[in-house]
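Taken together, the values in this text are just the output of simple stated rules run on the coordinates, not laboratory data. Computed from a predicted model, the values in this text were never measured in an experiment. When we count neighbours, we look across all protein chains shown, and the Cβ atoms used for this are built from the backbone with ideal geometry, even at glycine.
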Amino acid sequence: MLQRLKLLEHINPGAAHRNVADSIPPPQLHKMSLPYNKVLVLGATSGIGLAYAEKIVEDGKKAIVVGRRKENLDAFVEKHGKDKAEAITFDITQVGTIPNFVEDITKRHPDLDCVLLNSGIQRGFDFAQPETVDLDVLDLELTTNYIAHVHLTQAFLPHLQKQSKQTALVYTSSGLALVPSVKRLNYCASKAALHHFLLCLREQMKDGPGNVKVIEIFPPAVQTELHDEKHQPDIKNGRQMGMPLDEFTAESWAKLVQGDDQIAVGMADRLFALFENTRQQQFQKMVEMMKGH
């Protein structure tokens, strides 16, 4: 044995004394995957919604993309194939048509287990000059960002609640739900309303029926068409404002697949640390106090 060790040292000095464990390759890290198999993505024609749809397909799941711009949706299906993607043209602001839309979707896709509500618009208003405020545009923004989400939630819940596995409602909210921007006051109000709605909805879902997870994503400003000068002329080069889309998508997706139900990124993450975590502790105290009432 001693002679063999000496021979090994002669051929490869130090090898004779190397720990056997050194030759064992490191364990392969398991890539985390979205726990849902078929995801309906509303507001998937561009920006964050489209980026998430790409991630869903990349994850090996099917994405049903929904929006108003048919050409964008069709391009997504053409890129990925009909076995991985499906496109549906629909305008969520037509809230009276939501029940029929949801009924059709759930009949054709009884295995739908996740709905991602991403649709949103942002406009600027200056009430110091009330004659410049277009209330029709304000109503459209509120409907798109909040009212339609509530209608969609109510319509999809019966389907999701009767599934035998965990299902999910995922909402794209905003860091501006926590701290508002003065000129975007209606947008901020709509996102704050959505945030409070989701805090309470999550509590209501805890005891069933079913196992519906309520997930809220809080983006910072992200480089998408949300800030385009076409709709917000006071913002110059709006598409360049904020966090790059791919950076936001990577960070938020990682938190989504690891199971977080509140996903704060960038500024929103800092706001959670500053005060939102404390505020939600007070909310939980309110929940306990109001039980039975």
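May I ask you to list the trypsin sites (Lys or Arg not before Pro) in the stretch 260-293 that are in a DSSP loop and have at most 16 other Cβ atoms within 10 Å of their Cβ?
On the way: sites: Arg270, Arg279, Lys285, Lys291; in loops: Lys291.
Answer by residue number: Lys291.
For the peptides 46-57, 199-210, what is the packing order when you average, over each peptide's residues, the other Cβ atoms within 10 Å and list the highest mean first? Mind dumping the intermediate values first?
Values: 46-57: 22.3, 199-210: 13.3.
Top of the packing list down: 46-57, 199-210.
Under 5 Å between amide hydrogens, which residues at least 5 positions from Gln262 or on another chain qualify, with H placed 1.01 Å from N in the peptide plane?
Glu216
Output the relative contact order of the chain, whole-number percent, from Cα pairs under 8 angstrom with separation of 6+ residues. Please report the intermediate quantities before stating the final value.
Details: 434 pairs, mean separation 44.8, N = 293.
For the chain, the relative contact order is 15 percent.
On alpha-carbon atoms, Rg over Rh for the stretch 150-213 using Kirkwood Rh? Spell out each step's value before the answer.
Working: Rg = 13.9 Å, Rh = 12.9 Å.
Dividing the radius of gyration by the Kirkwood radius yields 1.08.
Taking amide H atoms as placed 1.01 Å from N in the peptide plane, list the residues 5 or more away in sequence, or in a different chain, whose amide H sits under 5 Å from that of Ala168.
Amide H to amide H, under 5 Å and 5 or more residues apart or across chains, Ala168 pairs with Cys114, Val115, Lys213.
[x] -0.50, -0.69; [y] -0.57, -0.77; [z] -0.44, -0.68: which one is log10 I(q)/I(0) by the Debye sum over Cα atoms at q = 0.09, 0.11 Å⁻¹ as calculated from this entry?
[x]
Return Phe127, Phe197 ranked ascending by Cβ neighbour count within 10 Å, so the fewest neighbours appear first. Don't skip to the end; give the middle numbers.
On the way: Phe127 9, Phe197 18.
Least crowded to most crowded, the residues run Phe127, Phe197.
Output ³J(HN,Hα) for the stretch 80-89: one whole-Hz value per residue in order, computed from phi by the Karplus curve 6.51 cos²θ - 1.76 cosθ + 1.60 with θ = phi - 60°, and x for Gly and Pro.
For the stretch 80-89, the Karplus curve yields 9, x, 6, 6, 10, 8, 9, 10, 9, 8 Hz.
Taking 8 Å as the Cα distance limit and 6 or more residues as the minimum spacing, I'd like the relative contact order of the stretch 49-206 as a percentage. Let's see the in-between values first.
Working: 170 pairs, mean separation 32.9, N = 158.
Relative contact order here is 21 percent.
Calculate one ³J(HN,Hα) per residue across the stretch 127-132 by plugging θ = phi - 60° into the Karplus curve 6.51 cos²θ - 1.76 cosθ + 1.60, and present them in order as whole Hz with x for glycine and proline.
Using θ = phi - 60°, the values come out as 6, 5, 10, x, 5, 8 Hz.
Order 78-86, 169-177 from most to least packed using the mean count of other Cβ atoms within 10 Å.
Working: 78-86: 14.0, 169-177: 25.0.
Put in order of decreasing packing, that is 169-177, 78-86.
Would you mind ranking Phe76, Phe275, Phe218 so that the residue whose beta carbon has the fewest other beta carbons within 10 Å leads the list? Please report the intermediate quantities before stating the final value.
On the way: Phe76 22, Phe275 11, Phe218 26.
Fewest-to-most ranking of Phe76, Phe275, Phe218: Phe275, Phe76, Phe218.
Residue by residue through the stretch 145-150, what is 3J(HN,Hα) from phi via Karplus (6.51 cos²θ - 1.76 cosθ + 1.60, θ = phi - 60°)? Round to whole Hz and write x for glycine and proline.
Karplus-based 3J(HN,Hα) across the stretch 145-150 equals 8, 9, 4, 5, 5, 5 Hz.
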